[in-house]
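Worksheet: one structure, shown below.
The values are calculated or read from the model by the stated rules, or taken from the named source; none is laboratory data. Note that this is a predicted model, so its numbers are computed, not measured. Note: ideal-geometry Cβ built from the backbone for every residue, glycine included; neighbour counts use all protein chains shown.
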Amino acid sequence: MKAAVCTKYGSPEVLQLREVKDPTPRHGEVRIKIHASAVTSSDCIVRSFSVPASMWVPARLVLGVTRPRPPVLGMVFAGEVEAVGTGVASFSEGEQVFGLDRFAFGAYAERKCMTEGGVLARKPLNLSYAEAAAVPYGGLLALHFLRRGGIRGGQSVLVYGASGAVGTSAVQLVRHFGARVTGVCSTANLTLVRSLGADAVIDYTSDDFTKMGELYDLILVAVGNRVKPPSRADCKQALSPHGVYVSVDQGRPKLSREDLTLIGQLAEEGELKPVIDRCYPLERIAEAHRYVDRGHKKGNVVITLEL
């Protein structure tokens, strides 16, 4: 099968398209024929090994010394169950699924195996494979961090970085929870964020939300430290007396199959719409990574596979 192999840490050019052996599902695993994946910011961090110097040694031990230990990157996918291993009860051959595998990766390939108890669920029927691949990463992270912030109905919530993969999902999920949402993004993305249901939008290139006099019960910073987002101290004067600041760089999120199923249901009901900036075939994986590295994508960058 074809796969994009990460030959070493570095620029997008380290991703090389190669022929590798088809995986065989073991006990409790399913093999998925992948129709679509996505290039996430986490994929780019692993590929380039963009971690703080203080974390180099433990990160190398976990990920690999000179290159990622799993040679095929890619966390998210949408596809079809092609084969099942012994003991599998939750999925059958031919079922359409989508999911996220943040430890074994493997989605930049025509096929991958995954345990049936992992973050894997049936694909929303109303979504294409490309659309389904645009849901798990941003949707699951947004759900996790909004819950960490104690999201509830009636609150006033601000999402900083409202046009990215996590931000576009967060804006919609805040509305689902019955709260009022303000999205912060660049001028070019104001219309997009407003179309997702934001009650108000702020252009960070011309306005500083921390100095506008509005107080928020929850501020979710939906972009990582690579773009130097506002810190907790920066946001203090924009928080209500019991307001909470949450950043996607805080801790290790807990992602579950149950939450993916919930995200899928919301997508089927039209409450969570996937946002796709661009689609690239697997053969142009390096180009897709270069685009994501720029830090200005809208929603998700999807990789499609022709089988």
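Return the total of residues in the range 243-252 being within 30 Å of residue 90 (Cβ to Cβ) and either aliphatic (A, V, I, L, M) or surrounded by 15 or more Cβ atoms within 10 Å (Cβ to Cβ) (or both).
1
The condition of being outside any loop (DSSP other than H, G, I, E, B), in the same structural domain as residue 38 (by TED's automatic domain parsing) and in contact (Cβ under 8 Å) with a residue 60 or more places away in the chain holds for only one of 97, 88, that being 97. Within the option set 74, 64, being crowded, with 17+ Cβ neighbours inside 10 Å and without any contact (Cβ under 8 Å) to a residue 40 or more places away in the chain holds for one residue only, 64. All conditions in (1) modelled with pLDDT of 95 or more; (2) crowded, with 17+ Cβ neighbours inside 10 Å; (3) touching a helix residue (DSSP H, G or I) at 6+ places or on another chain (Cβ under 7 Å); (4) under 19 Å from residue 163 (Cβ atoms) hold for residue 286, with the sole exception of (4). Meeting the requirement of 3 or more residues that are in contact with a helix residue (DSSP H, G or I) (Cβ under 6 Å, 6 or more places away or on another chain), the helices (runs of 4 or more DSSP H) wholly within the range 101-210 are 136-148, 165-176. Scanning the range 39-62 for residues that are within 19 Å of the chain's Cα centre (by Cα) and either outside any loop (DSSP other than H, G, I, E, B) or under 19 Å from residue 285 (Cβ atoms) (or both) yields 39, 40, 41, 42, 43, 44, 45, 46, 47, 48, 49, 50.
Would you check if there is a residue in the range 36-52 being farther than 22 Å from residue 141 by Cα, without any contact (Cβ under 8 Å) to a residue 60 or more places away in the chain and in the same structural domain as residue 99 (by TED's automatic domain parsing)? If you could, list the steps in order and put the result at the bottom.
Start the filter on the range 36-52 by keeping residues that are farther than 22 Å from residue 141 by Cα, which leaves none.
No.
Would you check if residue 82 is touching a residue at least 40 places away in the same chain (Cβ under 8 Å), outside the structural domain of residue 164 (by TED's automatic domain parsing), closer than 26 Å to residue 140 by Cα and over 24 Å from the mean Cα position of the chain (by Cα)? For residue 82, the condition - touching a residue at least 40 places away in the same chain (Cβ under 8 Å), outside the structural domain of residue 164 (by TED's automatic domain parsing), closer than 26 Å to residue 140 by Cα and over 24 Å from the mean Cα position of the chain (by Cα) - is met. The condition (being of a type in the set (S, T, N, Q), surrounded by fewer than 19 Cβ atoms within 10 Å (Cβ to Cβ) and over 20 Å from residue 100 (Cβ atoms)) is satisfied by just one residue among 256, 240: 240.
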